[in-house]
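The values are calculated or read from the model by the stated rules, or taken from the named source; none is laboratory data. Everything numeric here is computed off the predicted structure, so don't read it as measured data. Ideal geometry is used to build each Cβ from the backbone, glycine not excepted, and the neighbour counts take in all protein chains shown.
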Amino acid sequence: MLPDRRPAGPSGAGPVGRDYGGPVAADDLESWPLGRLLSTAARHVEREWNAWLGERGLTHAGLLVLHALAEGPRTQRQLAAASQVEEQTMARVLERLERTGHVSRRRDPADRRRVLVQRTALGAAAYAEVSADGVADRLVGGPLSDPEGFRAELVRLVRAARPAGERAAGRTGAAAAAEDPPA
């Protein structure tokens, strides 16, 4: 085995670099790769966000559905596309939202084969509370010195990371879902 010739970290406890073979001390965040920092921050924020939503009987997936229903009823297929999940996954999300009274389903009067999902008054109120409270922005932006600059950089990162087809068409999952033909 070759000796490790990377320089020792600030504490002298071990080498600095991108060797992921062993644990890295959480207090040595400055040496972490950018992707690991982003992933760790996302997990921490997501944990707090999910707890906050859970206190209101919602999940993140459920909130995406309530957002997609803001403009009116949609099919399960359209909601799945807007949320970028499979229809089977959306079925479970809708079952939970229906059980908690946030959405209802009804046959489309224009085409009885289709089932439309719509927000209930409770669902609209829950979505309005989440939107008005601004908790998502506080969870992320609270400790930042420049939250708007961080937001702009995240938007650039997300746009650059989208699949090539979406980038080329300039469409998001929601835009694609809006164009989804009836099932």
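Of everything in the range 84-102, what is under 19 Å from Thr120 (Cα atoms) and outside any loop (DSSP other than H, G, I, E, B)? Give them in sequence order.
Answer for the range 84-102, where residues must be under 19 Å from Thr120 (Cα atoms) and outside any loop (DSSP other than H, G, I, E, B): Met90, Ala91, Arg92, Val93, Leu94, Glu95, Arg96, Leu97, Glu98, Arg99.
Among what's in the range 129-139 and is in a helix (DSSP H, G or I) and free of Cβ contacts under 8 Å to residues at least 40 places away in the same chain, pick the residue that is surrounded by the fewest Cβ atoms within 10 Å (Cβ to Cβ).
Only one residue fits best here, namely Ala132.
With Leu122, Leu157, Leu144 as the choices, which residue is modelled with pLDDT of 80 or more and under 16 Å from the mean Cα position of the chain (by Cα)?
None of the others qualify; the one that does is Leu157.
Exactly one of these conditions fails for Glu48: (1) at pLDDT below 90; (2) under 14 Å from the mean Cα position of the chain (by Cα); (3) in a loop (DSSP other than H, G, I, E, B). Give me its number.
(3)
Considering each of Leu69, Leu94, Leu34, Leu116 in turn, give the residue that is modelled with pLDDT under 90 and more than 15 Å from the chain's Cα centre (by Cα).
Within the list Leu69, Leu94, Leu34, Leu116, the selection yields Leu34.
With respect to Ala80, determine if the residue is small (Gly, Ala, Ser), at pLDDT 90 or above and surrounded by 15 or more Cβ atoms within 10 Å (Cβ to Cβ).
It is true that Ala80 is small (Gly, Ala, Ser), at pLDDT 90 or above and surrounded by 15 or more Cβ atoms within 10 Å (Cβ to Cβ).
Show the residue pairs meeting these rules: Cβ distance below 7 Å; 6+ apart or different chains; first residue within the range 103-128 and without any contact (Cβ under 8 Å) to a residue 24 or more places away in the chain and in a helix (DSSP H, G or I); second residue crowded, with 19+ Cβ neighbours inside 10 Å and not aliphatic (A, V, I, L, M).
Here the result reads Leu122/His102, each pair linking the range 103-128 to a residue that is crowded, with 19+ Cβ neighbours inside 10 Å and not aliphatic (A, V, I, L, M).
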